[in-house]
1. Can you give the local net charge around residue 105? Use residues other than it whose beta-carbon is closer than 12 angstrom to its beta-carbon, Lys and Arg +1, Asp and Glu -1.
2. Taking the Cα centroid of the stretch 56-89 and of the stretch 1-26, what is the distance between the two, rounded to the nearest whole Å?
3. What distance in nm lies between label points placed 7 Å from Cα along the C-beta direction at residue 54 and residue 26?
4. Show me 51-64, 22-35 ranked by packing, highest mean number of other Cβ atoms within 10 Å first.
5. With θ taken as phi - 60° and the coefficients 6.51, -1.76 and 1.60, list the Karplus ³J(HN,Hα) couplings across the stretch 41-57 in order, rounded to whole Hz; mark glycine and proline as x.
6. Could you compute how fast the stretch 52-97 diffuses translationally, taking Rh as the Kirkwood radius over C-alpha pairs and applying Stokes-Einstein at 25 °C with viscosity 0.890 mPa s? Give it in µm² per second.
Amino acid sequence: MKPPVLPGIDPEAISEEQAYAGITIHIPGSVKMCWGDEIRFYWGKNLSSTTLFHRVGKDSIVRVLCVSYNFTPYIQFGLVDLYYELYRDNRLIGTSPVLRVNVNYSAPATSRQRQRKRLVNRRFFDT
């Protein structure tokens with residue numbers, strides 16, 4: 001099984017704004033997956049589950065989720081593990097590799113704010 005995919009998102013630098021707006025997650029298909037299997041997706045402590053009602057190809061996307069901190073019970077910042085488990089008849093068949101993302105508490109500073117901070121720091125070192 002393959003790890004979850006965040007299309008168009010840098011998993012090492014998810015901003016607080018992105019987390020609240022919603023992050024799209026793709027669950028890739030696997031030859032292990034069959035009709036009727038249950039996929040349990042974890043975003044840290046948050047769980048979302050679904051049943052497969054179609055055939056799965058190895059290069060397909062079997063589930064597309066949107067995780068928004070506006071609608072999740074456990075809001076986590078810092079390093080967060082993303083993975084999914086595959087169940088058949090309530091038995092664990094497999095677990096995907098973990099995709100570890102970094103959700104920053106505040107939006108990254110703009111280039112102008114970074115430049116201003118450098119100038120202030122230089123003034124203190126020059127005296």
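Read the figures in this text as sums done on the coordinates, not as results from a lab. Fair warning: this is a prediction, and the values are worked out from it, not measured in the lab. Using ideal geometry, Cβ is built from the backbone for each residue, glycine included, and neighbour counts are taken over all protein chains shown.
1. -2
2. For the stretch 56-89 versus the stretch 1-26, the Cα centre distance is 10 Å.
3. 1.4 nm
4. Values: 51-64: 13.0, 22-35: 17.1.
The densest-packed peptide leads the list: 22-35, 51-64.
5. For the stretch 41-57, the Karplus curve yields 9, 10, 10, x, 8, 7, 10, 9, 10, 8, 9, 7, 10, 8, 6, 10, x Hz.
6. Numbers: Rh = 13.6 Å.
Roughly 181 µm²/s, to the nearest whole number.
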